[in-house]
1. Taking only pairs six or more apart or across chains, which ones have beta-carbon atoms under 8 Å, a first residue in the range 103-128 that is touching a residue at least 24 places away in the same chain (Cβ under 8 Å), and a second residue that is in a loop (DSSP other than H, G, I, E, B) and among the polar types (S, T, N, Q)?
2. Condition first: open to solvent by 70 Å² or more (accessible area, probe 1.4 Å) and either part of a helix (DSSP H, G or I) or among the basic types (Lys, Arg) (or both). Now tell me which residues in the range 21-56 satisfy that.
3. Please determine, by comparing only the residues of the range 81-122 that are polar (S, T, N, Q) and in a helix (DSSP H, G or I), which one is farthest from Ala161 (Cα to Cα).
4. If I filter the range 155-174 for residues that are under 26 Å from Lys63 (Cα atoms), in contact (Cβ under 8 Å) with a residue 60 or more places away in the chain and open to solvent by less than 70 Å² (accessible area, probe 1.4 Å), do I get at least one hit?
5. With the requirement that a residue be open to solvent by 50 Å² or more (accessible area, probe 1.4 Å) and not aliphatic (A, V, I, L, M), what does the range 6-20 give you?
6. Among the listed residues Arg97, Arg123, which satisfies the condition of being closer than 27 Å to Lys63 by Cβ and touching a Pro at 6+ places or on another chain (Cβ under 9 Å)?
7. What residue, of Asn5, Asn64, is more than 18 Å from Asp105 (Cβ to Cβ) and within 20 Å of the chain's Cα centre (by Cα)?
8. Cβ contacts < 9 Å: first residue among the polar types (S, T, N, Q), restricted to the range 51-72; second residue outside any helix (DSSP H, G or I), any location; separation 6+ or different chain. Result?
Amino acid sequence: VRDYNRALEIDDGLCAAYINRGVLRYELGDVDNAMSDLDRAIAINGKLPWPYYLRAYVWMEKKNFAASIADFNRAMELEPRNSLALIGRGIGFMKQRKFDLAVKDFTTAIEVNSGVAEAYGNRAIALILTGNETNALADIKRFIELKPEMKRELEVRVELAKKLKRDGPVAQFR
């Protein structure tokens with residue numbers, strides 16, 4: 001953070017420095033300052049998709065899902081084939097329990113880039129939560145093919161999704 005602060009003292013118009021410092025602050029749990037940095041990056045250059053994409057995750061962390069979805073939408077307006085923004089928006093829909101919309105976004109993300117494991121893993125969870133475990137199995141298999149090192153994490157998420165589907169919302173899905 002200190003290096004970015006120095007760079008911005010020299011030139012406070014460095015959009016990339018605001019984006020990178022915002023990401024670092026977000027990773028450090030400083031969501032308010034991350035938001036400020038990403039807002040500043042957007043003010044400098046509102047035609048880049050990544051500040052919107054990143055700010056959408058900050059909004060999600062703050063549980064402002066409408067603002068998160070709006071930023072994912074803006075990122076996709078600027079870069080229509082952005083599979084990561086589709087996945088992010090799908091996750092936002094899942095957090096709002098809009099599982100059918102989430103499935104649509106994950107499916108579109110897979111159509112855009114079939115090599116992104118997170119689209120398969122998240123779609124599997126959303127399918128389970130909509131009661132479609134049969135189709136979820138193919139996504140689970142594909143996720144494990146793409147990211148075998150994350151097999152156990154997906155298994156835990158699948159079991160949680162099945163429990164939520166069976167027992168109702170006993171805990172917020174994250």
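1. Every condition considered, the pairs that remain are Val103/Thr130; Val112/Asn82; Ala119/Asn113.
2. To start, the set of residues in the range 21-56 that are open to solvent by 70 Å² or more (accessible area, probe 1.4 Å) comprises 26-28, 32, 40, 43, 47, 50.
Of everything in the range 21-56, those that are open to solvent by 70 Å² or more (accessible area, probe 1.4 Å) and either part of a helix (DSSP H, G or I) or among the basic types (Lys, Arg) (or both) turn out to be Tyr26, Glu27, Asp32, Arg40, Ala43, Lys47, Trp50.
3. Within the range 81-122, the subset polar (S, T, N, Q) is 82-83, 96, 107-108, 113-114, 122.
Applying the additional criterion that residues be in a helix (DSSP H, G or I) yields 83, 107-108, 122.
Working: Ser83: 23, Thr107: 19, Thr108: 22, Asn122: 11 Å.
Across the range 81-122, the extreme among qualifying residues is Ser83.
4. Within the range 155-174, one or more residues are under 26 Å from Lys63 (Cα atoms), in contact (Cβ under 8 Å) with a residue 60 or more places away in the chain and open to solvent by less than 70 Å² (accessible area, probe 1.4 Å).
5. From the range 6-20, those open to solvent by 50 Å² or more (accessible area, probe 1.4 Å) are 6, 9-12, 14, 16, 20; that's our starting set.
Listed by number, the residues that qualify are Arg6, Glu9, Asp11, Asp12, Asn20.
6. Arg97
7. Residue meeting the stated conditions: Asn64.
8. These pairs meet every condition: Ser68/Lys62.
The values are calculated or read from the model by the stated rules, or taken from the named source; none is laboratory data. The structure presented is a predicted model; accordingly, all values stated were derived computationally and were not measured. So basically every Cβ, Gly included, is an ideal-geometry build from the backbone, and we count neighbours across all protein chains shown. When the accessible area is computed, the model is the full protein with side chains, heavy atoms only, and any ligands, DNA or RNA have been set aside. Shrake-Rupley method; radii C 1.70, N 1.55, O 1.52, S 1.80 Å.
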